[in-house]
Every structure is written in C-alpha cells, then in structure tokens.
Amino acid sequence: MGPYWWFLEIKEMFVYRKNKNYLEKLMQDNEFKEKFKEEYQNVCIGEQIAKARYKAKLTQEELARRINTTKSAISRYESDNYQGYSIRLLNKIAKACDSDLKIDFVPKTK
C-alpha cells in the first residue's frame, strides 16, 4: 500500500456513509420504497438462480439444455432486469439444479 492508504479508507467510509444516508432519505418516500423492494426482489431471485446453478456445478449452457431453453435465457433469468419469473420456471430451474424451490412469506418490517 502506498503512503495514502488511510486517505482512501476514509474516503471510502465517507462515500458509504453519504450513500447510506441518501438511501435512508429516499426510503422515506413510500412510492420509492415499493419500487426499491420490487427491484431488490428481482436481484435476489437472479442471484439465487446463479447460486443454485453454481452449487450444481452447471454452466449456463448446461442448465439451459436441462430446462430446454437457451444460454441467453439463463443469463436473463440471472440478471437483475428480468421480471417474468413464474413458479413453473423456478421449479424447472430448481429441479435441473437438484434443488427444491422454497417460497416464504414473511411479515413486513416497519
């Protein structure tokens, strides 16, 4: 590390704190909060698909073959922009990854 490593760490902490405060301010707007939650769920689902595929030691191409689709479709499912998930699709992916699909309803936090 160079002589200014401490400056970079302080700068990083400042940026993190500033962004955290900004996000907290945005979350006070109910419309923003709902949209944020929707987008966050999409990110989580895509990450879970990628994680299941990784644990099953499958490439996107191998998973695509197992569920009769294309590699580009798997890439879309794993992205944070995809919004067309269905229970049927998620079950097919889970089965192909030798996993079970679990959907959980949790109480809202206030």
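The values are calculated or read from the model by the stated rules, or taken from the named source; none is laboratory data. Keep in mind the model is a prediction, meaning the values are calculated, not measured. When we count neighbours, we look across all protein chains shown, and the Cβ atoms used for this are built from the backbone with ideal geometry, even at glycine.
Scanning segment 47-64 for residues that are assigned to a helix (DSSP H, G or I) and either among the hydrophobic types (A, V, I, L, M, F, W, C) or touching a helix residue (DSSP H, G or I) at 6+ places or on another chain (Cβ under 7 Å) (or both), which turns out nearest to Leu90 (Cα to Cα)?
Of all residues in segment 47-64, those assigned to a helix (DSSP H, G or I) come to 47-55, 60-64.
Now restrict to residues that are either among the hydrophobic types (A, V, I, L, M, F, W, C) or touching a helix residue (DSSP H, G or I) at 6+ places or on another chain (Cβ under 7 Å) (or both): 49-50, 52-53, 60-61, 63-64.
Working: Ile49: 8, Ala50: 12, Ala52: 11, Arg53: 12, Gln60: 15, Glu61: 17, Leu63: 12, Ala64: 13 Å.
Among them, the one singled out is Ile49.
Among the residues of segment 65-84, which ones are assigned to a helix (DSSP H, G or I) and under 15 Å from Ala94 (Cβ atoms)?
Passing the criteria: Arg66, Ile74, Tyr77.
Name the single residue, out of those in segment 86-99 being outside any helix (DSSP H, G or I) and out of contact with any helix residue (DSSP H, G or I) (no Cβ under 6 Å at 6 or more places or on another chain), that is nearest to Tyr40 (Cα to Cα).
Restricting attention to segment 86-99, the residues satisfying the condition of being outside any helix (DSSP H, G or I) are 86, 97-99.
From what is left, the residues that are out of contact with any helix residue (DSSP H, G or I) (no Cβ under 6 Å at 6 or more places or on another chain) are 86, 98.
Details: Ser86: 17, Asp98: 25 Å.
Per the criteria, the residue is Ser86.
Restricting the search to segment 24-46, which residues are within 18 Å of the chain's Cα centre (by Cα) and farther than 16 Å from Lys92 by Cα?
Of segment 24-46, the ones within 18 Å of the chain's Cα centre (by Cα) are 33-46.
Lys33, Glu34, Lys35, Phe36, Lys37, Glu38, Glu39, Tyr40, Gln41, Asn42, Val43, Cys44, listed by residue number.
Can you find even one residue in segment 76-94 that is of a type outside the set (A, V, I, L, M, F, W, C) and farther than 27 Å from Lys37 by Cβ?
No: zero hits.
Does Ile93 satisfy being more than 30 Å from Tyr22 (Cβ to Cβ), surrounded by 14 or more Cβ atoms within 10 Å (Cβ to Cβ), modelled with pLDDT of 95 or more and among the β-branched types (Val, Ile, Thr)?
Working: more than 30 Å from Tyr22 (Cβ to Cβ): yes; surrounded by 14 or more Cβ atoms within 10 Å (Cβ to Cβ): yes; modelled with pLDDT of 95 or more: yes; among the β-branched types (Val, Ile, Thr): yes.
Yes: the conditions hold for Ile93.
Please identify the pairs in which a residue from segment 75-103 that is touching a residue at least 24 places away in the same chain (Cβ under 8 Å) and under 17 Å from Glu61 (Cα atoms) has its Cβ atom under 8 Å from the Cβ atom of a residue that is hydroxyl-bearing (Ser, Thr, Tyr) and part of a helix (DSSP H, G or I), counting only partners at least 6 apart or on another chain.
Ile93/Tyr77
Quick check on Glu31: is it out of contact with any Cys (no Cβ under 7 Å at 6 or more places or on another chain), surrounded by 12 or more Cβ atoms within 10 Å (Cβ to Cβ) and within 23 Å of Thr109 (Cα to Cα)?
On the way: out of contact with any Cys (no Cβ under 7 Å at 6 or more places or on another chain): yes; surrounded by 12 or more Cβ atoms within 10 Å (Cβ to Cβ): no; within 23 Å of Thr109 (Cα to Cα): yes.
In short, no.
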